[in-house]
Ligand SMILES: Nc1ncnc2c1ncn2[C@@H]1O[C@H](COP(=O)(O)OP(=O)(O)O)[C@@H](O)[C@H]1O
Ligand SMILES: [Mg+2]
């Protein structure tokens with residue numbers, strides 16, 4: 001039985017190995033967006049009135065907004081009326097049930113992706129080694145718009161941890177959802193966040209009670225399957241005072257000639273002394289080498305260190321998507337709270353990425369660390385965009401930013417856009433940046449020792465990313481390395 | 001069968017129409033032999049080493065090169081390395097972020113894979129490398145640093161010899177491994193090369209100075225000038241060159 005890792009995604013194959021299409025009957029809305037569509041989505045999910053209203057309010061705000069034009073990205077205008085805003089596999093129309101009832105076709109899809117859905121099997125020891133940390137990962141899976149299954153539910157429940165589809169949390173824990181939904185990323189935060197708020201389909205909900213250390217890694221896999229559908233998942237993680245959780249997100253999509261939109265919102269709330277570690281391995285379909293197809297990834301991720309000494313850490317390995325627009329951020333409101341951002345963004349062929357972070361210091365003695373590694377190959381273009389803002393209240397705030405670019409070949413681009421807004425003169429802000437190139441001499445030196453260029457490039461790139469990979473949960477660090485290797489195939493020679 | 005055989009080798013820098021650097025070079029090295037190539041700066045010594053190892057940026061326009069009768073000219077650089085050709089660089093390059101140990105393991109594994117041999121397990125491999133490092137007076141700490149990153153000139157050269165001893169190739173080309181070394185470091189390097197020497201392999205020592213040949217005694221000495229070998233002899237030729245300079249030959 002495969003582990004819940006990106007193993008199979010990165011099986012040493014030349015093509016995007018997650019690019020298969022699953023043949024299941026789907027229940028898909030025709031393209032188009034209006035208030036009726038939103039009411040349909042909400043009704044489909046049997047949502048309470050307050051949520052329907054919340055969606056409609058977001059929709060009305062979205063209509064007033066326009067797409068951001070400041071990113072260093074070039075793509076044709078997206079026609080939002082040509083997208084379908086809801087798709088669910090038909091057999092799941094009544095919402096997720098027990099695993100035994102899940103469409104076997106879907107189960108096979110996830111098996112191909114290396115995600116062990118079969119809780120039974122996993123618990124019965126088909127994942128044999130209990131020492132293996134990876135057998136200790138709870139997985140939620142979101143297929144197109146619907147959450148299919150959440151494993152290890154019982155074990156988590158025993159610890160008091162809530163880990164379920166957000167659509168379920170709306171019913172089972174409405175007070176939590178109502179309190180925190182939109183509390184970190186308000187509906188009108190930006191164009192894509194507003195759109196997500198209006199049409200979000202599903203996603204994961206996590207609540208870790210006071211003082212609890214979550215007994216296992218939590219993980220969600222997102223997959224877009226249907227043609228012309230957007231995926232708008234919404235994730236909400238709340239770590240109550242003194243609790244701790246590590247969460248990993250993975251994603252794939254089939255190879256399709258047309259572009260598909262993904263506009264997610266992730267909100268994290270860490271109360272006093274709580275810690276959230278959020279890791280992403282983003283492997284959406286990047287398009288082919290000529291830039292045909294691929295996912296448009298417009299994502300808003302933000303964490304709030306609401307209490308003193310809270311800590312939020314984002315680690316991301318971004319290798320997929322045709323377009324990436326993403327700035328996982330931390331609002332450091334609690335005194336002595338800590339924000340971290342560790343990022344590897346790799347672009348190859350015609351991919352474009354404009355990614356970075358925002359660290360908003362509000363509390364005293366707040367600290368943030370940013371380590372961003374950009375790798376550009378082929379004709380791709382990669383930008384780092386980072387904001388460090390220190391408010392007048394944030395006495396003795398500290399930030400350290402390190403931003404490194406590695407270029408492979410002569411046709412790619414790398415850009416850095418650091419913004420610093422410091423309103424407190426006791427703050428210390430440090431910024432280091434470097435740009436290097438994988439040189440022909442380095443490649444030849446490797447080759448002369450018997451190492452072929454592909455292996456050499458991946459070794460050099462892995463070395464470049466070491467500081468970030470160190471931050472990933474163990475079992476995913478290795479996979480991230482392999483993922484880079486696959487993504488870089490054909491980058492040289 | 002010669003170990004290394006170079007026949008009438010003509011090579012340009014760059015493409016077909018580039019400047020010709022090697023102008024009909026002939027060389028035969030038998031297993032068990034050490035050959036030295038001496039010559040003034042710019043005579044084409046490094047070019048020869050580069051062309052033999054397949055470095056991009058050169059074009060062979062005529063002649064042949066083979067290792068144990070296998071034609072090298074159509075092989076990629078890593079395939080030539082896998083065939084047993086080793087080049088100790090005149091200017092070893094830095095590879096930041098890739099630790100020396102990691103690099104050595106990747107190299108050993110690649111060569112093992114090419115020969116369908118088993119890859120050594122990590123623990124015994126690390127022990128082997130540490131022991132080698134000690135014999136070359138290299139601090140074991142340096143194995144954790146990036147390849148040649150922040151190494152002194154002498155450390156870089158000793159690192160090349162460490163690779164030579166670890167990988168144990170059939171044919172070793174050493175491009176001015178002696179230059180820039182003080183006498184103690186020179187002795188360590190020479191000792192390493194002498195340890196490598198065996199009846200089954202060959203060495204091509206490229207050097208500018210006779211001094212190295214006091215410690216690594218060659219079987220044959222060649223003089224390279226303007227892209228051709230203009231004279232060959234025994235080790236005494238090197239002494240003569242030292243005394244008289246190159247001009248008396250050209
Ligand atoms: N990559 C190159 N590009 C341009 N000229 C080169 C290149 N490599 C070598 N040459 C030229 O070829 C000649 C021989 O150089 P080289 O082989 O380095 O000599 P040596 O090692 O004997 O000092 C010199 O004139 C040098 O400038
Ligand atoms: Mg030279």
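Every read-out reported here was derived from the displayed coordinates using simple, explicitly stated rules and does not represent laboratory data. The structure presented is a predicted model; accordingly, all values stated were derived computationally and were not measured. Cβ atoms come from the backbone with ideal geometry, glycine included; neighbour counts cover every protein chain shown.
A compact table of results
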{"read-out": "Mean Cβ count within 10 Å, highest first, over the residues of peptides B:211-220, A:323-332", "value": "A:323-332, B:211-220"}
{"read-out": "0 to 90° range, to nearest 10: angle between helix B:100-114 axis and chain B longest Cα axis", "value": "70 degrees"}
{"read-out": "With Cα atoms, 0 to 90° folded angle of helix B:122-135 axis to chain B main axis", "value": "60 degrees"}
{"read-out": "Estimated 222 nm signal from helices in chain B, with DSSP H stretches of n ≥ 4 weighted -39500 (n - 2.57), rounded to 500", "value": "-10500 deg cm²/dmol"}
{"read-out": "Rounded tilt (10° steps) of B:183-196 against the dominant C-alpha axis of chain B", "value": "90 degrees"}
{"read-out": "Whole-percent pair-distance distribution, where bins are 10 Å wide, for the alpha carbons of segment B:96-225", "value": "11, 41, 34, 13, 1"}
{"read-out": "Rounded, prolate or oblate (a/c below 1.5 giving rounded, otherwise prolate when a/b exceeds b/c) for segment A:288-329 by Cα gyration tensor", "value": "prolate"}
{"read-out": "Semi-axis lengths (Å, descending) of the ellipsoid that matches the C-alpha gyration tensor of chain B", "value": "29, 22, 17"}
{"read-out": "Residue among B:169, B:77, B:96 with the largest mean-square fluctuation in a Gaussian network model of chain B, springs linking Cα atoms under 10 Å", "value": "B:96"}
{"read-out": "Test item: B:71-82 mean partner chain Cβ contacts at 10 Å", "value": "4"}
{"read-out": "Gyration tensor verdict on segment B:1-78 (Cα atoms; rounded if a/c is under 1.5, prolate if a/b is larger than b/c, oblate otherwise)", "value": "oblate"}
{"read-out": "Equivalent ellipsoid semi-axes, segment B:158-250, via Cα gyration tensor eigenvalues times 5, rooted, Å", "value": "24, 15, 11"}
